[in-house]
Amino acid sequence: MSNIEERVKKIVAEQLGVKEDIATDASFVDDLGADSLDTVELVMALEEEFECEIPDDEAEKITTVQQAIDYVVKNA
Amino acid sequence: MDKQVALVTGASRGIGRAIAERLAQDGFFVIGTATTDNGADSISAYLGEHGKGLKLDVANPDSIAEVMKSINDEIGAPIVLVNNAGITRDNLLMRMKDEEWDDIINTNLTSVFRMSKAVLRGMMKAKTGRIINISSVVGSTGNAGQANYAAAKAGMVGFAKSMAKEVGSRNITINTVSPGFIDTDMTKELSDDIKNTLLSSIPLSRLGKAEEIAHTVSFLASNGAAYITGENIHVNGGMFMP
């Protein structure tokens, strides 16, 4: 679990260029300054890291770090 | 694959073939698509070691998914896409069947959406990409008997402008080239009467050559065109000046 959390946070940091510690409840857009295209890229990066395919309608629901972690825990 | 990959739809003849040959000369590994196995074989033959022909029906989403998978797995993600495949189903609007309308919109416009979407993931990862749509002067001027074709060709321009705004920040450009009357099989079908009337409306008083469209595409795919996006370049001998 904590391993997944670390991996998700590492990807978020890389994709969005965040240098500070990332809070688990951080919203990509509101807290981390992502635009809508960044969130699409983020999902692409998560798919690669966890070798899964996230359908578009699921991807739209992933808007915070916690939601990304939850999705990976449940599906990957 | 150390060469960059360029994908050209509708590459078995005409403008598409000229574009594929030109991009191969420019140093790309070119994948040209055709709707039949014969067409794909002939593309492989003329491209030789510089590329490969594949069978693809741009109107069929399953065919696109399958071909894109095999390109990405076996060759490499394209960083240039030329949406060239197109057909005509001319008829006066009063006589135009739904089927004639739908065929044109599917093959000439919906295909551009599907193909562009399919290559975008690779381009976003590469942080570079060029999408070039081959439209037509008819998309800007209209043409009696071609309401369906003109609508699809004009649609490409609006699509390109929107996409240019969406993905510009990722260093991906999308532009349109609008050929006038080019000497290809598609224009060979025109009657002499129509051809003569046409020629009298073209300041350069000749049909264009497929190679002249290919040069414009080559430029848009080159580094020199990096700051051009959302643009529609007319190559028509002066018959229409926007």
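For A:VAL29, what is the net charge nearby, where nearby means another residue's Cβ is under 10 Å from its Cβ and Lys, Arg count +1, Asp, Glu -1?
Residues close to A:VAL29 contribute a combined charge of -4.
How large is the accessible surface per residue of chain B, computed with a 1.4 Å probe and reported in Å² as a whole number? Walk me through the numbers on the way to the answer.
Values: 11650 Å² over 242 residues.
Counting only protein heavy atoms, the per-residue value for chain B is 48 Å².
Quick one: compute the contact order of the range A:1-75, relative version, from alpha carbon pairs under 8 angstrom and 6+ residues apart, as a percent. The partial results should precede the final answer.
Working: 62 pairs, mean separation 30.2, N = 75.
Computed over the range A:1-75, the figure is 40 percent.
Amide H neighbours of B:ILE31 under 5 Å, counting only residues 5+ apart in sequence or on other chains, H built in-plane at 1.01 Å?
Counting only residues 5 or more places away or on other chains, the set is B:ALA6, B:LEU7, B:VAL8, B:LYS52.
Might you work out the accessible area of B:LYS52 for me, using a 1.4 Å probe with all protein chains in place, and round it to the nearest 10 Å²?
80 Å²
Quote the accessible area belonging to B:ARG206 in square angstrom, nearest 10, computed with a 1.4 Å probe and with ligands, DNA and RNA left uncounted.
For B:ARG206, solvent-accessible area is about 100 Å².
Taking 0.36 nm per intervening residue step and subtracting the Cα-Cα distance, what contour gain separates B:LYS3 from B:LEU198 on full extension? Mind showing how you got there, number by number?
On the way: separation 195, 0.36 × 195 = 70.20 nm, distance 4.12 nm.
Result: 66.1 nm gained on full extension.
How are the C-alpha pair distances of the protein assembly as shown spread across 20 Å bins, as whole percents from the shortest bin up?
30, 51, 18, 2
Given a 1.4 Å probe and the protein chains all in place, what does the accessible area of A:GLU20 round to, in Å² to the nearest 10?
130 Å²
About its Cα centre, how strong a charge dipole does the range A:1-75 have in debye, to the nearest 20, once Lys and Arg get +1 and Asp and Glu get -1 at the Cβ? Walk me through the numbers before you get to the answer.
Details: 6 positive and 21 negative charges, 54 e Å.
That gives a dipole near 260 debye.
Please list, in chain and number order, the residues 5+ apart from B:ILE233 or on another chain whose amide H is under 5 Å from its amide H, with Hs placed from the backbone.
B:THR176, B:VAL177, B:SER178
Which whole-Hz couplings ³J(HN,Hα) result when phi for each residue of the range B:154-168 is put into the Karplus expression 6.51 cos²θ - 1.76 cosθ + 1.60, θ = phi - 60°, listed in order with x for Gly and Pro?
Residue by residue, the range B:154-168 yields 5, x, 4, 5, x, 4, 4, 5, 5, 5, 4, 6, 5, 10, x Hz.
Order B:TYR227, B:TYR46 by their accessible area, 1.4 angstrom probe, all chains in place, largest first. Walk me through the intermediate numbers first.
Values: B:TYR227 215, B:TYR46 45 Å².
The ordering from most to least exposed comes out as B:TYR227, B:TYR46.
Interface A/B, total buried accessible area with a 1.4 Å probe, nearest 100 Å²? Write out the running numbers ahead of the final one.
Numbers: alone 4940 and 12000 Å², together 16220 Å².
Using a 1.4 Å probe on protein heavy atoms, the buried area is about 700 Å².
Pull up all non-local amide H partners of B:ILE182: gap of 5 or more, or a different chain, and H-to-H distance under 5 Å with H placed in the peptide plane.
Long-range HN contacts for B:ILE182: B:GLY208.
Quick one: net charge around B:ALA65, please, counting Lys, Arg +1 and Asp, Glu -1 for every other residue with C-beta under 12 Å from its C-beta. Don't skip to the answer; put the middle values down first.
Numbers: positive: B:LYS69, B:ARG114, B:LYS117; negative: B:ASP57, B:ASP62, B:GLU66.
With Lys, Arg at +1 and Asp, Glu at -1, the neighbours total 0.
List the residues of the range B:90-124 that lose 30 Å² or more of accessible area once all protein chains are present, compared with their chain alone (1.4 Å probe, heavy atoms only, no ligands or nucleic acids).
Buried by the other chains: B:ARG121, B:MET124.
In Å², and per residue, what accessible area does chain A have when probed at 1.4 Å with the other protein chains present? Intermediate results must be reported in sequence, preceding the final value.
Working: 4570 Å² over 76 residues.
Ligands and nucleic acids excluded, the result is 60 Å² per residue.
Compare the peptides A:29-36, A:8-15 by average per-residue count of other Cβ atoms within 10 angstrom and give them in order, highest first.
Numbers: A:29-36: 14.2, A:8-15: 18.1.
Per-residue Cβ counts within 10 Å, averaged per peptide and sorted highest first, yield A:8-15, A:29-36.
Mind putting a number on the dipole of chain B about its Cα centre? Charges go on the C-beta only, +1 for Lys and Arg and -1 for Asp and Glu, and I need it in Debye to the nearest 20.
On the way: 24 positive and 26 negative charges, 164 e Å.
For chain B, the charge dipole is close to 780 debye.
So, counting K/R as plus one and D/E as minus one, what does the shell of residues with Cβ under 10 Å around B:THR176 add up to?
Working: positive: B:LYS153, B:LYS161; negative: B:GLU231.
Net charge around B:THR176: +1.
Given a cut-off of 24 Å, what percent of all Cα-Cα pairs of the range B:1-140 lie beyond it? Show your work: numbers first, answer last.
Numbers: 2674 of 9730 pairs.
Every Cα pair in the range B:1-140 considered, those over 24 Å come to 27 percent.
Could you rank B:LEU109, B:LEU204, A:LEU46 by how accessible they are, 1.4 Å probe, largest area first? Don't skip to the end; give the middle numbers.
Working: B:LEU109 45, B:LEU204 110, A:LEU46 5 Å².
Ranking B:LEU109, B:LEU204, A:LEU46 by accessible area, largest first, yields B:LEU204, B:LEU109, A:LEU46.
Kindly flag which residue pairs out of A:LYS19/B:LYS69; A:LYS61/B:LYS165; A:LYS74/B:LYS125; A:LYS61/B:LYS127 have an alpha-carbon separation exceeding 28 Å in this structure.
On the way: A:LYS19/B:LYS69 35 Å; A:LYS61/B:LYS165 24 Å; A:LYS74/B:LYS125 26 Å; A:LYS61/B:LYS127 25 Å.
Cα-Cα > 28 Å for A:LYS19/B:LYS69; rest within.
Calculate what fraction, in whole %, of the accessible area of chain A sits on carbon and sulfur atoms when a 1.4 Å probe is rolled over the protein chains. Mind showing how you got there, number by number?
On the way: 2020 of 4570 Å².
Here it works out to 44 percent.
May I ask you to derive the relative contact order of chain B, considering only C-alpha pairs under 8 Å and at least 6 residues apart, and to give it as an integer percent? Walk me through the numbers on the way to the answer.
Values: 474 pairs, mean separation 45.4, N = 242.
For chain B, the relative contact order is 19 percent.
Suppose we compare each residue of the range A:1-43 in its chain alone and in the full protein complex with a 1.4 Å probe; which ones drop by at least 30 Å² of accessible area?
A:LEU37, A:GLU41
The values are calculated or read from the model by the stated rules, or taken from the named source; none is laboratory data. Predicted model, so just to flag it, every value in this text is computed and none were measured. Every residue, glycine as well, gets a Cβ built from its backbone with ideal geometry; the counts of neighbours run over all protein chains shown. Ligands, DNA and RNA are excluded from the accessible area calculation, which covers all protein heavy atoms including side chains. Shrake-Rupley method; radii C 1.70, N 1.55, O 1.52, S 1.80 Å.
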